[in-house]
Amino acid sequence: MSPARTRAAQLIRRILCLPSLEKWWRTPPRLSTHGALLHALTVEKTWEHSTGDMYSSLKRKICECLGAEVKHLSDADTLSTVATALCQIVLASPTEQLQLCFDAFCYRVVKPHQESWAPRLEDSALCARLDMFLHPNDLPRARISIWSLIWAGPGRHKLEFAIHVAVLIALHKRRGLPVSDTQEYIDEFFRLLEESIAEIPGVLCLGGLDIRIHFIRHCIELRSAWWNHFLAYAEGNADDRQKRWIEVLREEVERLGPCTKCYEEYPYTELTPSIA
Ligand SMILES: [Zn+2]
């Protein structure tokens, strides 16, 4: 066993044996303040053979902690380590555990979104968070982004997570940060939506109506051409029930226009036409 893996195994055993485990369980610890533990979670093979119920609960809890970390962190290196740790846990989890992992992570990440947190982010933290979500992790054998994992995964909060990422990208654009970076983020965001276009009519029939409308309004803000392209696709490919939902959504987003609520604490000038 490699020294890194031995250390990781020891740290995980220590967590499981903590006398204060119950308290730890109720209060998400700051993993970033336990640097050794955070790095241990990124070690390949840390999670090998960890498929029992106890490990399932531990993974869910750690995914929740990783999500809670995101709102406190602005340091790009630590955020990147959090992303790698999440990918490592997800890649080592059987399919039936993935929804719990994604739901736990996304719930913690998007929760502050409901509290208008985004406008207060410093530019450096904003960029670091976008890189964390949209850039592939550092794992040599499975370079994949958190955005692609969550969008393709079975989690219940994927639309809320997509809104969160879209708001961050829109803030990046509104603050006049490098245009080429904004464009790269937009391209990566929509690349996945285009690749999974056949699934989107189904996605838009499920979950809360407000969330579906909110998702589309932010997508239109970033790239209105995507919505028009989707509508044309759905016209020829969606079933009758899906078409009825899409028509409801189309009427609502036309009536409401772009979302302003997510930016109301941030001073910005009127929206410029989509750069995409
Ligand atoms: Zn919004």
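So, Ile146, is that one of a type outside the set (D, E, K, R) and in contact with a Leu (Cβ under 7 Å, 6 or more places away or on another chain) or not?
Working: of a type outside the set (D, E, K, R): yes; in contact with a Leu (Cβ under 7 Å, 6 or more places away or on another chain): yes.
Criteria met by Ile146.
Evaluate the following for Ile220: is it closer than 17 Å to Glu194 by Cα and either aliphatic (A, V, I, L, M) or within 12 Å of the ligand (Cβ to nearest atom) (or both)? Reasoning before the result, please.
Numbers: closer than 17 Å to Glu194 by Cα: yes; either aliphatic (A, V, I, L, M) or within 12 Å of the ligand (Cβ to nearest atom) (or both): yes.
It is true that Ile220 is closer than 17 Å to Glu194 by Cα and either aliphatic (A, V, I, L, M) or within 12 Å of the ligand (Cβ to nearest atom) (or both).
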Practice prompt. Would you please name the residue that is nearest to the chain's Cα centre (by Cα), looking only at residues in segment 242-263 that are of a type in the set (A, V, I, L, M) and within 14 Å of the ligand (Cβ to nearest atom)?
Written response: Val253
Worksheet, complete the sentence: If we ask which residues in segment 160-183 are within 11 Å of the ligand (Cβ to nearest atom) and either of a type outside the set (A, V, I, L, M) or touching a strand residue (DSSP E or B) at 6+ places or on another chain (Cβ under 9 Å) (or both), their number turns out to be 2
Discussion item. Within segment 84-202, considering only helices (runs of 4 or more DSSP H) that don't extend past its boundaries, which have at least 1 residues that are in contact with a His (Cβ under 7 Å, 6 or more places away or on another chain) and crowded, with 19+ Cβ neighbours inside 10 Å?
Written reply: 95-110, 123-134, 158-174, 179-195
Worksheet entry | Residue check, Leu73 part of a loop (DSSP other than H, G, I, E, B) and either surrounded by 16 or more Cβ atoms within 10 Å (Cβ to Cβ) or free of Cβ contacts under 8 Å to residues at least 40 places away in the same chain (or both) | yes
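Only one residue in Leu98, Leu86 is of a type outside the set (Lys, Arg) and without any contact (Cβ under 8 Å) to a residue 60 or more places away in the chain, so which one is that?
Details: Leu86 fails: without any contact (Cβ under 8 Å) to a residue 60 or more places away in the chain.
The match here is Leu98.
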Response to the item:
For segment 242-266, the count of residues that are modelled with pLDDT under 95, among the charged types (D, E, K, R) and in a helix (DSSP H, G or I) equals 1
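Determine which member of the set Glu44, Glu22 is over 16 Å from the mean Cα position of the chain (by Cα), modelled with pLDDT under 80 and buried (at least 17 other Cβ atoms within 10 Å of the Cβ). Break it down stepwise before answering.
On the way: Glu22 fails: buried (at least 17 other Cβ atoms within 10 Å of the Cβ).
Residue meeting the stated conditions: Glu44.
Against the condition exposed (fewer than 14 other Cβ atoms within 10 Å of the Cβ), away from the ligand (no atom under 16 Å from the Cβ), aliphatic (A, V, I, L, M) and modelled with pLDDT under 95, how does Leu206 come out, does it pass?
Details: exposed (fewer than 14 other Cβ atoms within 10 Å of the Cβ): yes; away from the ligand (no atom under 16 Å from the Cβ): yes; aliphatic (A, V, I, L, M): yes; modelled with pLDDT under 95: yes.
For Leu206, the condition - exposed (fewer than 14 other Cβ atoms within 10 Å of the Cβ), away from the ligand (no atom under 16 Å from the Cβ), aliphatic (A, V, I, L, M) and modelled with pLDDT under 95 - is met.
The values are calculated or read from the model by the stated rules, or taken from the named source; none is laboratory data. Treat the numbers as computed from the prediction; the structure is a model and nothing was measured. Every residue, glycine among them, receives a Cβ derived from its backbone with ideal geometry; neighbour counts consider all protein chains shown.
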